[in-house]
Amino acid sequence: MSADGVLVRAGTMEEAIEKALRVLQAGPSEVEYEVVRSAGGGLFGLGRSEVSLRAWRKGKVAGTAQGTRHGHQDDGEDRDGRVEVKEGRIVVYDPKGCGKPATIIPAAGITIRVNGEELVEPRAVTGRDSITIEAEVQEVAPGTVEVTIGRDRLTAEVRITPRRIARPFVRDQEPQTTLHPVVDMEEVSEKVVTVEDVEAAIERKGVVFGVDRQAVESAVQAADGLPHVVAKGIPPVEGEDGFVEHLVELKPVPVVWEEGEDKVDFWERYRFPFVRSGEDLAVLHPPIRGTPGRAVTGEVLPPREVREGILRAGDGAVLSGDGTKVVAARDGKPVSYGTGYTCIEVAPVMVHQGNVDLASGHLRFNGDIVVRGDVLEGARVEARGGVTVLGCAAGAAIKAGGAVKIKGSVVNSHIRAGGVAGLASRLRPVLEAIGYALTFLELAMQAATSSGQAVVPGAARGQLAELLRLLGLRLRELDRLATSMQKLISEAGVELPPEVADAAGSLARVMKSVLGSGLSKLPSLDAVGALRASAKTVTEWTERAPAADGGIVVAYAQNSVLESGGDILVAEKGCYNCNLSAAEGVRVKGNVRGGEIYASQRVHVGSIGTPGEWPCSSVIRVPAGGEIRAGIVYPGTTIHVGGESFAFDSTRFDVRAYLDDQGVLVIR
């Protein structure tokens, strides 16, 4: 026994206390004690249990005791010790009376130390033990810095990601006699990238201009993996090309009528431009050069080169002495055309006073035609531009490259609008291919004639033989292109100016002549020159072709054919037994009785068909993407939308027909 007390071991708590009283030679009320260790049995609870107890007389303190003192109370309550996890710390509550101390069991993922010793097996603990928890942090991903320079070299961005670590922690647990800590893992981010790290990365990337240190600091503070602009260059200030400013209106200005508006004049669809002789038409502005910029990598960024504008005067216009202004030389319609240049001319408008009949003969004009009267039986009116008839058309044929407007009725007539602009657009790629082929032909002929071999023997050899083979391919391609051009012109149904029609025909005739002579002899320079001149004539016509709307507007139509390159509008009574075909839409304000309507986009009619016992067969067609609307549809009417159709056998009101997304015909 030491002066501080005794340490005894016994099989049970009662035996240990009794043994300590004997050794101290004291009664139960004269001692205090603490449980040092209480171990259970061996494996699976078998074997001998043991209790270690330190006891001392009251008034003396055990020199090595770390737990809470326990006075022996014969009438006190016995309670085992408990232990809990609270806010990540292990808290121990000592037992009362003869209760057993709490026990801690080791847990994977953390290290528990009791009084500095690692806990490797279950151990009893008291409130005087020093218990700590150690957790090993694992790095998931390091902090990174990525610098990106914009494609235009005017910006530099950084993406900063924080360091990510996985850190174990002990979950809070309620007080219990035996604690088996529950370990969870949490992933946290640490901002480890510094401003100096970012500046070094920027320097390695070659960014030397426009760096914003405040932006760098903000990016470091954010460290969110998102792009942050940290450097900005100076963009070049682009110059302006020389350009032609038109001083007058060139295209018809649409007149917009609101739906439901009273006193709507459907004939007032456009206000057409008109100039007087001596009026300024266009002015040429010189180019303005730009200023260079600077990239974030330090290089100078030059502006693009500016181009001079080119201004020319065509028929009915004159160019000023300094070449900067075009002035009208006559009254008429201003026209602007050209690719790579701008040419301004004044096209006269033909105004016919009175009727077009046997006395006047047919009217044909390359510009616009205005008829201040009727177009009567057998008369033809043909214009490269638009046609306006202030009276009626009866038994007439009217054909225009632009729009056709007839203020009165159309009876037993054939009206065709549009076509010039569409034909010109289809001819342009063909003419471009012809130009390339002619250039190759000219170069090949120069190469052949420079060798002194204008005439080629039947058994050509070497380079000359290969040259002839290529020439043959190109000549056949030219023939195909010329034939294609003739077909496009024929199918368009547009009457070309005589010089243009002759040039298109000449292309085909010369090509047939060249191919007919075979390849024993190269084409003559005169033949190639004729091909070039003909192609140029047709090309210039396509550049001057007006971009007219190609629509048709009439008040009423009966027993007539109306073909439009744009819209068709029957503005008043409707139409009877007519065939209407439009590249865009058809709108009939009144009733449609008999005949057929086709439109590429939409058909809107007031009513269609005939009420009563004798229905009149009427047909409306639109493609798959089109729409049909009708205020009233009578029996005997058939509609076609794409490949779907529907025949009405009863009267329907406010009908709308179209195909839904699955291609099913919907009629509402």
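So which residues in the range 158-175 are in contact with a Lys or Arg (Cβ under 7 Å, 6 or more places away or on another chain) and open to solvent by less than 60 Å² (accessible area, probe 1.4 Å)? Within the range 158-175, P162, P175 qualify.
If you take just the strands (runs of 3 or more DSSP E) that sit entirely in the range 581-657, which of them hold at least 1 residues that are buried (at least 17 other Cβ atoms within 10 Å of the Cβ)?
585-599, 602-608, 618-622, 627-633, 637-641
Any chance the range 160-174 includes a residue that's assigned to a strand (DSSP E or B), touching a His at 6+ places or on another chain (Cβ under 8 Å) and farther than 30 Å from P122 by Cα? The answer is yes, given that some residue of the range 160-174 is assigned to a strand (DSSP E or B), touching a His at 6+ places or on another chain (Cβ under 8 Å) and farther than 30 Å from P122 by Cα.
This table checks each residue for (1) of a type in the set (A, V, I, L, M, F, W, C); (2) over 29 Å from A393 (Cα atoms).
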position	(1), (2)
V561	yes, no
G574	no, no
C578	yes, no
R587	no, no
A647	yes, yes
F653	yes, yes
Y658	no, yes
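For first residues located in the range 573-586 and closer than 20 Å to N412 by Cβ, partners that are open to solvent by 80 Å² or more (accessible area, probe 1.4 Å) and modelled with pLDDT under 95 and lie 6+ apart or on another chain with Cβ distances below 6 Å form the pairs Y576/R593; S581/Y598. Check the range 601-610 and report whether any residue there is touching a strand residue (DSSP E or B) at 6+ places or on another chain (Cβ under 6 Å), of a type in the set (S, T, N, Q) and under 18 Å from R668 (Cβ atoms). Checking the range 601-610: at least one residue is touching a strand residue (DSSP E or B) at 6+ places or on another chain (Cβ under 6 Å), of a type in the set (S, T, N, Q) and under 18 Å from R668 (Cβ atoms). Just one of (1) over 30 Å from G27 (Cα atoms); (2) open to solvent by less than 60 Å² (accessible area, probe 1.4 Å); (3) modelled with pLDDT under 55 fails for G76. It is (1).
Within the range 124-131, can one find any residue that is buried (at least 16 other Cβ atoms within 10 Å of the Cβ), on the phi > 0 side of the Ramachandran plot and in contact with a Gly (Cβ under 8 Å, 6 or more places away or on another chain)?
no
What number of residues within the range 12-21 are assigned to a helix (DSSP H, G or I) and over 11 Å from A55 (Cα atoms)? Count: 3.
Go through the range 195-253 and give me each residue that's assigned to a loop (DSSP other than H, G, I, E, B), more than 30 Å from V387 (Cα to Cα) and open to solvent by 40 Å² or more (accessible area, probe 1.4 Å).
V208, F209, D212, D224, L226, P235, E238
If we scan the range 317-331, do we find a residue that is surrounded by 15 or more Cβ atoms within 10 Å (Cβ to Cβ), modelled with pLDDT under 90 and closer than 30 Å to A394 by Cα? No, every residue in the range 317-331 fails to be surrounded by 15 or more Cβ atoms within 10 Å (Cβ to Cβ), modelled with pLDDT under 90 and closer than 30 Å to A394 by Cα. Residue-level check: of (1) more than 30 Å from M511 (Cβ to Cβ); (2) of a type in the set (K, R); (3) at pLDDT below 80, R380 misses just (3). Take the residues in the range 519-563 that are assigned to a strand (DSSP E or B) and either closer than 26 Å to V349 by Cα or of a type in the set (S, T, Y) (or both), then tell me which one is modelled with the lowest pLDDT. Among residues in the range 519-563 that are assigned to a strand (DSSP E or B) and either closer than 26 Å to V349 by Cα or of a type in the set (S, T, Y) (or both), the one modelled with the lowest pLDDT is E563.
Residues in the range 395-411 that are open to solvent by 10 Å² or more (accessible area, probe 1.4 Å), over 16 Å from V570 (Cβ atoms) and either free of Cβ contacts under 8 Å to residues at least 12 places away in the same chain or not charged (D, E, K, R) (or both): G395, A397. The single condition from (1) modelled with pLDDT of 75 or more; (2) within 23 Å of G418 (Cα to Cα); (3) open to solvent by 40 Å² or more (accessible area, probe 1.4 Å) that P497 fails is (3).
The values are calculated or read from the model by the stated rules, or taken from the named source; none is laboratory data. No experiment lies behind these values; they were computed from the predicted model shown. Glycine gets a Cβ as well: all are built from the backbone with ideal geometry, and neighbour counts include every protein chain shown. All accessible areas refer to the heavy atoms of the entire protein, side chains included, with ligands and DNA or RNA removed. Shrake-Rupley method; radii C 1.70, N 1.55, O 1.52, S 1.80 Å.
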